[in-house]
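The values are calculated or read from the model by the stated rules, or taken from the named source; none is laboratory data. What you see is a predicted model, and the numbers here were worked out from it, not measured in a lab. No Cβ is skipped: glycine too gets one built from the backbone with ideal geometry, and neighbour counts run over all protein chains shown. Keep in mind that these areas ignore ligands, DNA and RNA; they rest on the heavy atoms of the full protein, side chains included. Shrake-Rupley method; radii C 1.70, N 1.55, O 1.52, S 1.80 Å.
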Amino acid sequence: VVEFLVTASVGGMFYAATAGQPLTIIAPTGLTLAFTASLYSFCTRYAVPFLPAYSWVGLWTALILAILSLINASDVIRFCTRFTDDVFNSLIATNFAYEAIRSLGGNFKNAGPDKTKPFMAL
């Protein structure tokens, strides 16, 4: 977590200084947060070091995006409709709601005989 905060802050300052538009939102969005949480869960489940895996994901993503930009793959965006956007947003909202309910349910499951403590998380 500390490494992510330091890297995000240094990268954000560099971006704001060089991009010419310092009001651009560069914080992690819902999709980034969901992906990072899923990758961390995968890495802990299979005993893979998280930071090297996260770095490799970033490098492969950069390579794939560079190739897609060279072949002008952004022309495909015309096939995306508002329906596609709405379905994707509802998927993310469902994922966040599921994770919140699962976390609250886990608080009640692990509370022991005193069931008042989990209500503090609400």
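Entry remark, the stretch 7-30: residues being surrounded by 10 or more Cβ atoms within 10 Å (Cβ to Cβ) and at pLDDT 75 or above number 11 in total. Only one of the listed residues (Ala73, Ala66, Ala37, Ala100) is touching a residue at least 12 places away in the same chain (Cβ under 8 Å) and either open to solvent by 80 Å² or more (accessible area, probe 1.4 Å) or of a type in the set (A, V, I, L, M) (or both). That residue is Ala37.
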